[in-house]
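The values are calculated or read from the model by the stated rules, or taken from the named source; none is laboratory data. Note that the structure is a prediction, hence the values are computed from the model and not measured. Cβ coordinates were reconstructed from backbone atoms using ideal geometry, including for glycine residues, and neighbour counts include every protein chain displayed. SASA here: full protein model, heavy atoms, side chains in, ligands and nucleic acids out. Shrake-Rupley method; radii C 1.70, N 1.55, O 1.52, S 1.80 Å.
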Amino acid sequence: KKEIFEKKIIPHQVEFQAPPRGKKICWLECPYCYGLSANDNGERLEKKRGLEILRQILEGGVKKIIFAGYATDPLNCSYIEDLLDLTISKKAIFGFNTKALRVSDKFFEILKSKRITNGSYISLSVDAGSNETYNKIHGVKNSSKIYDKVLENTKKLGIIRKKNYFDLSAAYLVNIHSSKQYDYEYFINNFMEADCNLLRFTFPQQPKGIDTEKGVIPSETEKNEYKKILEKLKIKYENSKCSILIVDADDDYDIYNKPRTVPCFARYIFPTVGFDGWLYNCSQSSAPNFRASALGDLTKSNFWDLYYNYEIENFNKYLLSCSKKINDSGCRCDRKEHVLNQNIIDSKVF
C-alpha cells in the first residue's frame, strides 16, 4: 500500500503479448479459448516501439517478463527473438506460454548462447497425447500432425535445457475431447522423454462471451472423475526428474465459473502490454474491446507514465471507479487474478 501511494511500486511481472505477424491473431481457434471473443481492429505494436517499451520496462526495475497472448501465441511474432534477446541481456527472468507450433532457428540459438537467469521457463500448451486428440481438442479440421511437430520442437528445447538451464513444462487441459487414459500416458511418456521437468494437468476455464459445447468446459462431476484416473497415473509415473501436478484452482479457491473479483489490483502486480500496443490491467483484459478500462496507448506514451497514472488523493473512490469500468467491460479474471484480489481484499489493508 505504501509503495502504491508513493508511486514506487514495481510490477512483480509484466506480460508482453507479442503481436502476431499476420492478419489472423492465432494459428488455432481452440473452442475453450478465452480470447475467441477478442476484437481485432488490426492495430499492432511495431517492432521498434515494442523493443523500446520492453527496454523501458526492464530498465525501470521489472525482473520478470512473460511472453504469452490474448488469443494469440508469442512465437507467432516477427520479432519475438529480439524481445527474448533483450530480456536475457538485461538479466531478467523470462517465461513463455506457447503452443510451440513453430520455433525458429534463431530462437533456439539465443537459448543456446545466452546466460539465462534462474527461474526462467517455457511452458507448452499441449493438451493431447496423439495427433488425432490434438486436433480434436484444438478444433483443427484437417489431419495435420501438429502434435508430432510440437513434440519435435520440445525435444530440441530439452537438449538445450540440459546445457543452459531453464524450466521446461508441458500442460494438458482435460475435457471431453482429451480425457482418454491412453492419451494421458502417451503424453506423459513422450514429454518426459523430451526432458520436461514438469507436467501439469488442469481444466479449461469458462471463456468470455463464447458458448461451448457440452463437456468442453468440464462440470465439477466430470472433473472429479478425470482426477481419479490422473491421481493413479501421477503415482505410477512421477519421478525425481519430472514432477506431475494436477491443478484444479477453481475448486481449490472456490472460483468455479466466477467472472471476476473486484476491486482489482492486478494492474499494480502484473500489467500487460497488448498486441495492439495498449497497456492493460492484466492478461485477461488485453484486447481492444477492453480499452474503456485500459491504462493507455503505448504508441503515444511511455510505460512508466501510464503505469503511475492513477489517483491517490481518494484512493477508495478511485478503486470504485475502476471496478465499475472493469465490470462494464465484461472481462473475466484468470485464476491468478482471482487469488491475488481475494487475498488483498481479505487482508483488509485497503
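If you project the alpha carbons of the stretch 42-92 onto the principal axes, what extent comes out on each, in Å, largest first?
30, 18, 17
If amide hydrogens are placed 1.01 Å from N in the peptide plane, which non-local residues have theirs closer than 5 Å to the one on GLN206?
The answer is ASN257.
Once the Cα gyration tensor of the stretch 4-113 is found, what semi-axes does its equivalent ellipsoid get, as square roots of 5 times the eigenvalues, in whole Å, sorted largest first? Mind dumping the intermediate values first?
Working: eigenvalues 112, 70, 33 Å².
Ellipsoid half-lengths, sorted descending, are 24, 19, 13 Å.
Explain nothing, just compute: Karplus ³J(HN,Hα) = 6.51 cos²θ - 1.76 cosθ + 1.60, θ = phi - 60°, for every residue of the stretch 277-294 in order, whole Hz, x for Gly and Pro.
Working through the residues one at a time gives x, 9, 9, 10, 4, 6, 5, 8, 10, 10, 9, x, 6, 10, 5, 5, 10, 6 Hz.
Could you list log10 I(q)/I(0) for the stretch 59-147 at q = 0.16 Å⁻¹, which the Debye formula gives when each Cα is one point scatterer?
Each listed q maps to, in turn, -0.70.
Return the FRET efficiency for the residue pair GLU238, LYS300: r is the Cβ-Cβ distance, R0 is 35 Å, and the value is rounded to the nearest 0.05. Intermediate values should be presented prior to the final figure.
Working: r = 50 Å, r/R0 = 1.43.
Rounded to the nearest 0.05, the efficiency is 0.10.
Quick check: at a probe of 1.4 Å, how many percent of the accessible area of the stretch 167-323 sits on carbon and sulfur atoms? Numbers along the way, then the final one.
Numbers: 3430 of 7010 Å².
For the stretch 167-323, the apolar C and S fraction of the accessible surface comes to 49 percent.
In the chain, what percentage of the DSSP-assigned beta bridges are antiparallel, given to the nearest 5?
On the way: 4 of 31 bridges.
In the chain, approximately 15 percent of DSSP beta bridges are antiparallel ones.
So what's the stretch 258-350 giving for Cα Rg divided by 2.2 N^0.38 Å, two decimals?
Numbers: Rg = 12.6 Å, N = 93, 2.2 N^0.38 = 12.3 Å.
The stretch 258-350 yields a ratio of 1.03.
Express in nm, to one decimal, how much length is gained between LYS228 and TYR308 on full extension, taking 0.36 nm for each residue of separation and deducting their alpha carbon distance. Write out the running numbers ahead of the final one.
Details: separation 80, 0.36 × 80 = 28.80 nm, distance 4.71 nm.
My answer for the length gained is 24.1 nm.
For the stretch 175-288, how big is Rg over Rh, using alpha carbon atoms and the Kirkwood form of Rh? Before the final figure, lay out the partial values.
Numbers: Rg = 17.2 Å, Rh = 16.7 Å.
Over the Cα atoms of the stretch 175-288, Rg/Rh equals 1.03.
Could you sort 14-24, 318-328 so that the peptide with the highest average Cβ count within 10 Å comes first and the rest follow in order? Please list the in-between numbers first.
Values: 14-24: 19.7, 318-328: 15.1.
Highest-to-lowest ranking by the protection proxy: 14-24, 318-328.
Which FRET efficiency, nearest 0.05, do LYS214 and LEU245 yield, Cβ-Cβ r, R0 25 Å? Don't skip to the end; give the middle numbers.
On the way: r = 27 Å, r/R0 = 1.07.
The computed FRET efficiency comes out at 0.40.
Where does the stretch 1-65 land on Rg(C-alpha)/(2.2 N^0.38 Å)?
1.47
At 1.4 Å probe radius, can you tell me the per residue accessible area of the chain in Å²?
Details: 16170 Å² over 350 residues.
About 46 Å² of surface per residue is accessible.
Return one quarter of the surface area of the convex hull spanned by the alpha-carbon atoms of the chain, equal to its mean projected area, in nm². All intermediate terms of the calculation are to be shown ahead of the outcome.
Values: hull surface 68.3 nm².
Orientation-averaged projected area of the Cα hull: 17.1 nm².
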